[in-house]
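So the structure is just underneath, and the comments pick up after that.
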């Protein structure tokens, strides 16, 4: 991870005034430093380190501070605001519930919960039949871990093993972090579940001429040599639909080979759809790019446009494994988040966002690949699908990753009226709201181009 720290001291930058961007003060705006100092005093530092903009309001694909500065948003607040910031139809749906008033009903039934479950399962489509609602993405991956192991126990597996992929990320709670593939972030646990296994991720630069299926076979062979029997010791396979930091998708044949192995050995195939779900990649769900069938989907982020909602979706047989009350949650399925979830699905359908994201994605990637061709010594990869991409940067005339340059570009873009996802790694992630206009999409990539050029030339 990069140790880069964004400057909090306001500096004079060129003024910007377009239809989609407005920069009229020094950046960061006056007062930012003091507000961030207070936050450091009272908030755990674990939440800090992002681009120093103090948001005042957000509408559609724009972010505003209280000074009226206006940015094109290429973050979607980390893939949450798929249908746009402050979507009026979603706000109105929530407002109707609050005006009843009905804020919370625990496990007692409310009509919003009834209708939303039906809509969500219909949106997911066959073979999915039931859902379980929670509040955060990490809760849904934990729930999926439980369901995979409950199913393994039911069918008589000798061990309740889960296969995951190195580098993937599934959340910050105990089970979710054990399934995640970054060893340094699990040191706090103090031990590792011996029945959670990891195989290498098929990065395009790591394949070395192998097909995705051959790469998987190599990883599984090493696992089997360690004494793991796929048929008797493994009950679940957990995949992040793409690896988040770099928007790295798997080779299709890698995932298809996993599906074959799961079918052959009675293993449940689960996809973590936090970043990829709800039209983000030009499909309803990201796993559809692989032309396989999932057993469980873990959903969050874009599911309810910023309201605290997550879900596990699966067949009735799997979802009904827990006894009554065995997987309840205090805040799950409360009426106002269900109303937000329902309105989000309605907006995805009304605006035809699956098809629109696929169309805009072609514009997006054509322009990003032009950037790669323009800066071949610094941009090593353009990765992603739909309206999620990552630019991976390298040191000049080398293949080693550059973790500082992306931070400099992110800061320069902020000064020009564009917000991107700062990963702290060799990547910049780009994920505008799916409702972004073609004009703003093109303008944002133009700003990114200017930012790269100016950082390269010390301007």
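Every number in this text was worked out from the coordinates using simple rules, so none of it is lab data. Note that the structure is a prediction, hence the values are computed from the model and not measured. Backbone-built Cβ (ideal geometry, glycine too); neighbour counts: all protein chains shown.
Taking max minus min of the alpha-carbon positions on each principal axis, region 99-149 gives extents of 40, 23, 17 Å, largest first.
Mind sorting 262, 298, 235, 91 by how few other Cβ atoms lie within 10 Å of their own Cβ, fewest first? Write out the running numbers ahead of the final one.
Values: 262 22, 298 32, 235 26, 91 13.
In increasing order of surrounding Cβ atoms, one gets 91, 262, 235, 298.
Need one number: the % of Cα-Cα pairs in region 88-350 sitting beyond the 35 Å mark. List each step's numbers first, then the result.
Working: 5461 of 34453 pairs.
Everything past 35 Å amounts to 16 percent.
Region 288-364 gives an Rg/Rh value of 1.04, both radii derived from C-alpha positions and Rh following Kirkwood. Taking other C-beta atoms within 10 Å as the exposure proxy, 13, 248 rank 13, 248 from fewest upward. Distance from the C-alpha centroid of region 299-327 to that of region 125-177: 11 Å, rounded to the whole angstrom. Here the translational diffusion coefficient of the chain follows from Stokes-Einstein with Rh set to the Kirkwood radius across Cα pairs; for 25 °C and 0.890 mPa s it amounts to 106 µm²/s. Once the mean of 1/r is taken over each pair of separate Cα atoms and inverted, region 359-411 shows a Kirkwood hydrodynamic radius of 11.5 Å.
Each peptide in 420-427, 382-389, 55-62 was scored by the mean count of other Cβ atoms within 10 Å over its residues; highest first, the order is 382-389, 420-427, 55-62.
So if I take the alpha carbon set of region 1-160, get Rg, then get Rh from the Kirkwood formula, what is the Rg over Rh ratio? If you can, show how the numbers build up before the last one.
On the way: Rg = 22.2 Å, Rh = 20.4 Å.
Here Rg/Rh amounts to 1.09.
Here region 146-258 was treated as a single set of alpha-carbon atoms; its pair distances binned every 5 Å from 0 give 2, 11, 21, 23, 21, 15, 5, 1, 0 percent.
Working from the alpha-carbon coordinates of region 201-355, get Rg over Rh, Rh being the Kirkwood radius.
Values: Rg = 17.6 Å, Rh = 17.4 Å.
With Rh from the inverse mean 1/r over Cα pairs, Rg/Rh is 1.01.
Tell me, 288, 317 in order of fewest to most beta-carbon neighbours within 10 Å? Working shown, then result.
Details: 288 18, 317 13.
So the residues, fewest neighbours to most, are 317, 288.
Two numbers describe the Cα atoms of region 420-459: Rg and Dmax, which are 11.8, 34 Å.
Would you kindly calculate the translational diffusion coefficient of region 321-459, applying Stokes-Einstein with the Kirkwood radius from alpha carbon pairs, for 25 °C and a viscosity of 0.890 mPa s, and quote it in µm² s⁻¹ without decimals?
On the way: Rh = 17.2 Å.
My calculation gives 143 µm²/s for D.
For the peptides 250-259, 209-218, 93-102, the ranking by mean Cβ contacts within 10 Å, running from highest to lowest, is 250-259, 209-218, 93-102.
Sorted from greatest to least, the principal axis extents spanned by the alpha carbons of region 35-126 come out as 44, 30, 29 Å.
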